[in-house]
Amino acid sequence: FYVLVTGILFYLLLKKHLIKIRNAEKKARESDHLKTAFLQNISHEIRTPMNGIVGFAGLLKENDLTQDEKDMYLDIITKSSDQLLNVVNDVLDVSLIDSGNVIINKTQFNLNEFMNQIYSVHGTILSKDISLQLNNTLSGLDYIVFTDKIKLGQIFDNLISNAIKYTPKGLIEFGCEMKEDQLLFFVKDSGIGIAPKYHEKIFDRFHRAEVETTKTIGGAGLGLAICKGNVELLGGEIWVESNLGDGSKFYFTMPGEFVISEIKEEQKEKF
Ligand code: ADP
């Protein structure tokens, strides 16, 4: 009897141990796969603008260029340089968030004005197939918030850029509302959508939803990880509601303690 019990116990222990090893191997394989995918993606993200810069800088040296041609080449070089700078900044931002050394600089500002600025920046660079709408439901009131304006702007920039990137044609809406004592921000698109099994993973760095369309659209999988890092540093949460082929709605919150007050009509001048 004792031999039997010892045998069963030994078998159970061995099984548990084997499962642990198998899980560790699976994790290591996943992490390897992620690293390879990241290196491929980031190389592509760097090489594309670099080709633009090197190629068109070379063309600029030719003697018989018209002014229009020169302007066009310079425009491509500038856009490619901005693209390259964005990639480098994303990598630096992720490592800064990882290290826990991000400096938060909170100030008071008028939220409605801020949202209008976001609209002006993105509204002017849209293609003809995409329209952008600002839908604030703050019932016509202006709010003063106390938060890091640059970080809040970065979160919107990333979410709206993604919405534009993953929406071949259609409408993008963004805005905010006051809900249960906190501010609820959203960016909604009518693009390719995201299958529910990726809803959590895409906020981890390097993770991208594996669909054909995402493969053809470039990206290193850093934008949402930066958004999540920034939202959490400002005390909020971020999540997505979406289905494949059905558009996406990204939400993030800001705790009510950072909403100072509604601005009264006579105070508006001051902000
Ligand atoms: P990147 O866009 O560079 O791949 P992100 O971290 O910004 O990296 O996004 C991670 C992934 O989430 C994307 O690769 C894409 O699969 C998915 N995703 C993000 N935003 C959207 C969106 N608005 N619509 C559809 N998919 C999205």
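Express the relative contact order of the chain as a whole percentage, based on alpha carbon pairs under 8 Å and six or more residues apart in sequence.
19 percent
Rg and Dmax in Å for region 1-148, alpha carbons only: what are they?
When restricted to Cα atoms, region 1-148 yields Rg and Dmax of 27.8, 97 Å.
Provide Rg and Dmax in Å for the chain, with only Cα atoms included in the calculation.
24.0, 97
Going by accessible area, probe 1.4 Å, with all protein chains left in place, what is the ranking of H33, H199, largest first?
H33, H199
Sequence-distant or interchain residues sharing an amide H contact under 5 Å with L132, placed H: which?
Placed amide hydrogens put I172 under 5 Å from L132.
Could I get the Rg over Rh figure for region 180-219? Both from C-alpha atoms, Rh via Kirkwood, rounded to two places.
Ratio of gyration radius to Kirkwood radius: 1.06.
Please state, as a whole number in µm²/s, the translational diffusion coefficient that the Stokes-Einstein equation yields for region 215-257 at 20 °C and 1.002 mPa s, with Rh defined as the Kirkwood radius across alpha carbon pairs.
178 µm²/s
How much length is gained if the chain between N86 and K20 is pulled fully straight, taking 0.36 nm per residue apart and subtracting their Cα-Cα distance, in nm to one decimal?
Full extension from N86 to K20 adds 19.7 nm.
For the chain, what is the mean residue ellipticity at 222 nm derived from helices alone (per DSSP H run of n ≥ 4: -39500 (n - 2.57); sum divided by total residues; nearest 500 deg cm²/dmol)?
Roughly -18000 deg cm²/dmol at 222 nm, from the helical runs in the chain.
Name the residue, out of G100, G175, G223, whose mean-square fluctuation peaks in a Gaussian network model built on the chain with Cα pairs under 10 Å.
Highest fluctuation among the options: G100.
Run through every distinct alpha carbon pair of region 145-271 and return the Kirkwood hydrodynamic radius in angstroms, one decimal place.
15.5 Å
Mind listing which GluC sites (Glu not before Pro) in region 9-86 are in a DSSP loop and have 11 or fewer other Cβ atoms within 10 Å?
E62
Among K15, K35, K165, which one moves the most in a GNM of the chain with springs linking Cα atoms closer than 10 Å?
K15
Please enumerate, by chain and number, the lysines with C-alpha under 17 Å from the C-alpha of K70, excluding those fewer than 8 residues away in the same chain.
Cα-Cα hits under 17 Å: K61, K79.
Could you state the number of Å between the C-alpha centres of region 220-242 and region 1-63?
22 Å
With a sphere of radius 14 Å drawn around the Cβ of G100, what net charge do the other residues whose Cβ falls strictly inside it have (Lys, Arg +1; Asp, Glu -1)?
Overall, the nearby charge balance is -3.
Here are some pairs, K228/K249; K106/K149; K26/K228; which of them have Cα atoms lying more than 19 Å apart in this structure?
Beyond 19 Å between Cα atoms: K26/K228.
With a 10 Å cut-off between alpha carbons and a GNM built on the chain, which of I155, I144, I202 moves the most?
Ranking I155, I144, I202 by mean-square fluctuation puts I144 first.
The values are calculated or read from the model by the stated rules, or taken from the named source; none is laboratory data. Because the structure is a prediction, the values reported are computed rather than measured. With ideal geometry, Cβ positions are generated from the backbone for all residues, glycine too; neighbour counts draw on all protein chains shown. The area values use the complete protein model at the heavy-atom level, side chains included, leaving out ligands, DNA and RNA. Shrake-Rupley method; radii C 1.70, N 1.55, O 1.52, S 1.80 Å.
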